Amino acid sequence: MAELATIARPYADALFKASGSDLSGAAAWLDELAAIAANVQLQQFADNPGVTASQTFDVISGVAKNKLPQAAQNFLRTVIDNGRISVLPEIAAQFRVLKNKQLGSSDATVYSAFALDGAALADLTPTLEKRFGRKLNLKVEIEPSLIGGVRVVVGDEVLDTSIKARLEQMKVALIS
């Protein structure tokens, strides 16, 4: 079977070209569809030979939090008709890469031992953007094992200022 990335690429490219200036709007509904499509029970439902494409569309659009715009409905119908529901998360990931490339930004995940409020994140953002040299779309995830500090992942770059990392460095220095 072909790689998911290979299957998803034409869909992401076509959607990117069709979205024009509404990349953020398309990214929002595509991320929502990808989250819905990642559900194993939905995939089993869609793969059932007794279920029609129309029924699958109705279930997915019914689960969506917001009413899907016409472009989203057309895209979803195309994906369903081609039997590519399981590829939606990869399509969304590739679309985000294309969108970020055009906007000159990157997705970044900030791992923190504690929840970061809006003010703390607003203070951290300019520092990280300066460090990585580009605009960042930050997403925060809680990871209590860090003890304190943060670990920031941008693509394949990692900035680890956590207490856990510092303790590991001290351990290595003391052992050697």
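Return yes when L30 is open to solvent by less than 60 Å² (accessible area, probe 1.4 Å), under 27 Å from K99 (Cα atoms), outside any helix (DSSP H, G or I) and out of contact with any strand residue (DSSP E or B) (no Cβ under 9 Å at 6 or more places or on another chain) and no when it is not.
No; evaluated as a whole, the condition is false for this residue.
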Exercise for the section: Output yes when any residue across the range 39-48 is small (G, A, S) and either part of a helix (DSSP H, G or I) or under 19 Å from N137 (Cα atoms) (or both), and no when none is. Expected result: yes
Problem - Residues of the range 19-38 satisfying the condition of being touching a helix residue (DSSP H, G or I) at 6+ places or on another chain (Cβ under 7 Å) and within 12 Å of A72 (Cβ to Cβ) - result: S19, A26, A27, W29, L30, D31, L33, A34, I36
Exercise for the section: Filter the range 8-23 down to the residues that are open to solvent by less than 30 Å² (accessible area, probe 1.4 Å) and either small (G, A, S) or modelled with pLDDT of 95 or more (or both), then identify the one that is farthest from the chain's Cα centre (by Cα). Expected result: S19
Exercise for the section: Please enumerate the residues belonging to the range 110-140 that are touching a residue at least 24 places away in the same chain (Cβ under 8 Å), farther than 20 Å from S24 by Cβ and open to solvent by less than 70 Å² (accessible area, probe 1.4 Å). Expected result: V110, Y111, S112, A113, L116, L124, L128, F132
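Does V51 satisfy the criteria of being open to solvent by less than 60 Å² (accessible area, probe 1.4 Å) and out of contact with any Leu (no Cβ under 9 Å at 6 or more places or on another chain)? Even if it seems obvious, please write down each step before you answer.
On the way: open to solvent by less than 60 Å² (accessible area, probe 1.4 Å): yes; out of contact with any Leu (no Cβ under 9 Å at 6 or more places or on another chain): yes.
Criteria met by V51.
Could you grab me the full set of residues in the range 121-176 that are in a helix (DSSP H, G or I), within 19 Å of D107 (Cβ to Cβ) and touching a strand residue (DSSP E or B) at 6+ places or on another chain (Cβ under 9 Å)?
Filtering the range 121-176 down to residues in a helix (DSSP H, G or I) leaves 121-132, 144-146, 163-175.
Add one more test, that the residue is within 19 Å of D107 (Cβ to Cβ), and what stays is 121-122, 124-132.
Passing the criteria: L121, L124, T125, L128, E129, R131, F132.
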Handout entry: Identity of the residue in the range 54-72, touching a residue at least 24 places away in the same chain (Cβ under 8 Å) and farther than 21 Å from L98 by Cβ, that ends up most open to solvent (accessible area, probe 1.4 Å)
Key = K65
Practice task
Test each condition in (1) crowded, with 16+ Cβ neighbours inside 10 Å; (2) touching a helix residue (DSSP H, G or I) at 6+ places or on another chain (Cβ under 7 Å) for G148 and report the one that comes out false.
Solution key: (1)
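The values are calculated or read from the model by the stated rules, or taken from the named source; none is laboratory data. What you see is a predicted model, and the numbers here were worked out from it, not measured in a lab. Note: ideal-geometry Cβ built from the backbone for every residue, glycine included; neighbour counts use all protein chains shown. Ligands, DNA and RNA are excluded from the accessible area calculation, which covers all protein heavy atoms including side chains. Shrake-Rupley method; radii C 1.70, N 1.55, O 1.52, S 1.80 Å.
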